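The values are calculated or read from the model by the stated rules, or taken from the named source; none is laboratory data. Here the structure is a predicted model, which is why all the values come from computation and not from measurement. No Cβ is skipped: glycine too gets one built from the backbone with ideal geometry, and neighbour counts run over all protein chains shown. Areas reflect the complete protein model, heavy atoms only, side chains present, ligands, DNA and RNA absent. Shrake-Rupley method; radii C 1.70, N 1.55, O 1.52, S 1.80 Å.
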Amino acid sequence: RRVLLLGEGNFSFAAALCGARGTHVVATCYESEEEAAGRGGAARSIGRLRDSGAEVVFSVDCTKLKEHFLPGKREFDRIYFNFPHCGRKAGVVKNRQLLARFFHSCAEVLAQDGEVHVALCNGQGGTPADQPRREWHNSWQIVAVAAGAGFILSDVHPFKAENIDGYKCTGYRSQDKSFCVEGALNHIFTRSTAPLCFTPVSCKTQLGSQKVSFQVPQVLVDKINRGFLEVNSSHPVRTIKEKLSAGLSQAFPLQNISSCLPLLHQGHSDGVCHSNVFWITPEEAPSTEEMSQGVADAVLFSHFGQDTDKNVQEGCPIPKQLYLRPSLLPHAQAIIKKRAFSPGTLQVLSGPVFRKCRISPHSMPVFHEMLIVLAASRGTENSCIHMLVDNIKTTMNSLHQGVSGVKHSISLQEATSSGTELNDFAAFEWQFGEIQHFLCVGTEADPSGSCVGVIRTAPDELKSCELVVVLASLNLDCLAMLLCGISDWRMLWTLDRRFLRQFPEGELRLFKSFSLYPPSYVHDVSFWVPDGEEFDEVAFHTLARRVSGEMVVSIQLRDDFQQPGTGRRSLCYRVTFQSCDRALGCREAAEMQLHFREEIQQHLGVTLR
């Protein structure tokens, strides 16, 4: 591998690396050869480097690396820059600017999977790894600066100078003097995935005898047709689904329903609030000219059964009001109507469902639902529910111990209230009808637990004299987050290959983030609400998701003001931009905020202040 070292003072660090097998060292410094050789021990280190076959280059500007190397020799696997500094008494602002130009220069000479190592004195970086940590404005803000050039912080560890044979730091205030490196940290940066390009995606789906084409909502473009539950997938969501199915099959006869369930529903929104579903308007299939202009065509086939869409008959016009399924419950109800099951047999349905919701780390506009349908003889439904939950508990406890060695508490709670105190998933489920129990997973930090499932019985019109149908709905994405220690639901949908590499062949492990301490950017937006209208906060959050590409991590209401005399209402929200998996610079976040202001004015009819 090719290793580039920048800003070497006496070349002692480079000399320590030059003997490593399979490593070609290119050691550089900013000074001329004459100036560099005058530093204590530098001449000896330079001689050692040259004797070992390493390259030594002088007068190299770390902000213009491309100019110093021929095209065929620009691709470095690692770049080291130990204790960068503008010299003398330069302040934090000048050193931030130096780092910004350095990272942009690195992007031009670093291999695709390469690393940039930057060692800083204690406190300079401005990350939580610094102890003590400086105030943000008084630090070099290295993670935010690197993000502007497309890099993320993937690791940070102590810089142990005493373990580097012959190393001696030098260059204090541009002099041949050493400086304190106690508590120094080595920051390791890697390339981020490229920003998402939201090319419109057209879906085709079978509706009766006709194929319907529709444009996928932009906020879901990178989430449609991801295939997490397919046979060849190693995604933790599929692994958990398979483990739960295997555990249930030991206690019940089990039948997995085909994954080819209708992607769209029509007509009424399954009892869900109109603003909480993604409404779809059928359109003409993209023309050849549109395709040539970049309209992607993701062909998704889903079939409508007579029970789920009775109004759809062959030869009938395509309905104008369709929406992406917010739940698999209508499909379960179709099975119940058919009486296509035997008492004690489990029917398991699974697939992604889509819901508009407010922004929070655990509120998901799309997640994978596992719906379990169990027919029990009347009078035995409670014992069947407990048997079902005990089986899920056993499987979950086994998975918890296998992943982290820590046993989480799994409890069945009576649904005695609206469920809003649990989480958004539980609150949303109430819209589909009465719930008997919540299935919750508790941790040491949150003993009361987070709701990951709900259990209900089928409505009265679907019951029979002999049988009661129990329906258990599980949020597989929530389970994956709890099991693997994933703090942000967005990470489950990342396009960065480093995520799935942590789960080889579907093995569940404790997740280690490859993007540490991502910077956040706070912007406020204030506006007048149209007179006489109720403000749709869910639509406001959905616009933020769309405009930012899921880069908004928090929206908080800061002020709700009513103007005396006129009665006009003004709202002020604080919007926090932060990515969990890719670089987000301050300039990009500011551009998103400006675009967001334009969009809410256009689509929500507000008047900006």
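Of note:
- In this structure, the amide hydrogen of Leu346, modeled 1.01 Å from its nitrogen in the peptide plane, lies closer than 5 angstrom to those of Leu254, Gln255, counting only residues at least 5 positions away or on a different chain.
- Nearest-0.05 FRET efficiency for Thr281 and Glu67, computed from C-beta distance (R0 51 Å): 0.45
- All Cα pairs of the range 2-191, percent lying beyond 29 Å: 16 percent
- Taking Cα atoms only, the orientation of helix 236-249 departs from the longest principal axis of the chain by about 40 degrees.
- Cβ-based charge dipole, the chain, positive-most Cα from Leu594, Leu374, Cys62: Cys62
- Note: relative contact order over the range 2-191, using C-alpha pairs below 8 Å and six or more positions apart, is 22 percent.
- A Förster distance of 60 Å, applied to the separation of the beta-carbon atoms of Ser360 and Asp51, puts the FRET efficiency at 0.50.
- Stretching the chain fully between Asn186 and Cys260 yields a gain of 21.7 nm (0.36 nm per residue, less the alpha carbon separation).
- Sorting Thr23, Thr281 on solvent-accessible area from highest to lowest, probe radius 1.4 Å, gives Thr281, Thr23.
- Here the 3J(HN,Hα) profile of the range 566-576, calculated from phi with Karplus coefficients 6.51, -1.76 and 1.60 at θ = phi - 60°, is 8, x, 5, 10, 10, 10, 10, 10, 9, 10, 10 Hz, Gly and Pro shown as x.
- Flagged links, alpha-carbon separation over 32 Å, of Lys241/Lys356; Lys94/Lys223; Lys64/Lys512: Lys94/Lys223; Lys64/Lys512
- Working note: 222 nm ellipticity from helices only, DSSP H runs with n ≥ 4, each -39,500 (n - 2.57), summed and divided by the residues of the chain, gives -7000 deg cm²/dmol to the nearest 500.
- Using a Förster distance of 45 Å, the FRET efficiency for Ala427-His157 (Cβ separation, nearest 0.05): 0.60
- In order along the range 16-25, the phi-based Karplus estimate (6.51 cos²θ - 1.76 cosθ + 1.60, θ = phi - 60°) of 3J(HN,Hα) comes to 5, 8, 5, x, 5, 5, x, 10, 9, 9 Hz; Gly and Pro are listed as x.
- Using the Karplus relation 6.51 cos²θ - 1.76 cosθ + 1.60 with θ = phi - 60°, the per-residue 3J(HN,Hα) values for the range 385-400 come to 4, 5, 5, 5, 5, 4, 5, 5, 4, 4, 5, 5, 4, 5, 5, 4 Hz, with x marking Gly and Pro.
- Ordering of 427-437, 579-589 by packing [mean C-beta count within 10 Å, highest first]: 579-589, 427-437
- To the nearest ten degrees, helix 42-51 and the longest principal axis of the Cα atoms of the chain are 70 degrees apart.
- Mean silhouette area of the range 521-608, derived from the convex hull of its C-alpha atoms and averaged over all directions, reads 5.5 nm².
- Take Glu414: with every protein chain present and a 1.4 Å probe, its accessible area is about 120 Å².
- Nearest-ten-degree value, helix 329-338 long axis tilted from longest Cα axis of the chain: 30 degrees
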